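Reviewing the structure listed below.
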Amino acid sequence: MVQSRKLVLFIAASLDGYIATKEESLDWLFSVEGEGDNGYTEFYDTVDTVLMGKKTYDWVMNHIEDFPYQNKACYVFTRSEVKDTEHVQFIKDDIVSFTNQLKQQDGRNIWIVGGGELLSSFMKERLVDELILTVSPVLLGSGIPLFKEGQYHANLTLKGTRRFNQFVELHYEVKV
């Protein structure tokens, strides 16, 4: 029997729960003293698949010179007709059935790169297995929230905490 892969959120947020400013800026995140890459490489080595929404994909393409997930299977959920690229397959299918199929395949964990709308859909459908949240000691007051208001509820178990200088990582498992 194939062991189900885990769907994991790995993301940074401000102390007041925002993942970006209203202008989609992450400058606040890079102004905080971390430690090394704040656990990114260690986490990245545990996944072989990344999922993201089209807004997040567009942000990545507009702000990062080289596509950062070239050595991973990358799926972007969209409502539009978009042609696949060398590194990305665009998915218009039902995210629940598509994600459940991915979880049943052999492989490493699956990373939810972003964004908030996609995460809300995954939370509503109880697809998320773990959340690794790196909290930045910054209060933005407004912006793009990590968790959108929605019809979902999850109880979590704390698996661990780590400190990366001024950042604190909270690692939760979603209770079944």
*Any chance segment 85-94 includes a residue that's of a type in the set (Lys, Arg) and crowded, with 16+ Cβ neighbours inside 10 Å?*
no
_Index of the failed condition, Met123 passing every other in (1) over 30 Å from Ser31 (Cβ atoms); (2) crowded, with 16+ Cβ neighbours inside 10 Å; (3) out of contact with any helix residue (DSSP H, G or I) (no Cβ under 7 Å at 6 or more places or on another chain); (4) not aromatic (Phe, Trp, Tyr)_ = (1)
*Answer yes or no as to whether Val50 is within 17 Å of the chain's Cα centre (by Cα) and at pLDDT 95 or above.*
yes
*Within segment 100-107, identify whether any single residue is at positive phi and not β-branched (Val, Ile, Thr), and answer yes or no.*
yes
*Would you pick out the residues in segment 137-172 that are assigned to a strand (DSSP E or B) and either crowded, with 16+ Cβ neighbours inside 10 Å or of a type in the set (A, V, I, L, M) (or both)?*
Ile144, Pro145, Leu156, Leu158, Phe164, Phe167, Val168, Glu169, Leu170, His171, Tyr172
*Name every residue in segment 1-48 that is under 27 Å from Val96 (Cα atoms), in a helix (DSSP H, G or I) and not hydroxyl-bearing (Ser, Thr, Tyr), in order of residue number.*
Phe43
*asked:* Where the second residue is assigned to a strand (DSSP E or B) and basic (Lys, Arg) and the first is touching a residue at least 12 places away in the same chain (Cβ under 8 Å) and lies in segment 148-171, which pairs have Cβ atoms under 7 Å and are six or more apart or on separate chains?
replied: Glu169/Arg162; His171/Lys159
*asked:* Please determine whether any residue of segment 149-156 is out of contact with any strand residue (DSSP E or B) (no Cβ under 7 Å at 6 or more places or on another chain), under 20 Å from Leu170 (Cα atoms) and of a type in the set (A, V, I, L, M, F, W, C).
replied: no
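The values are calculated or read from the model by the stated rules, or taken from the named source; none is laboratory data. Given the structure is predicted, the values throughout are model-derived calculations rather than measurements. Using ideal geometry, Cβ is built from the backbone for each residue, glycine included, and neighbour counts are taken over all protein chains shown.
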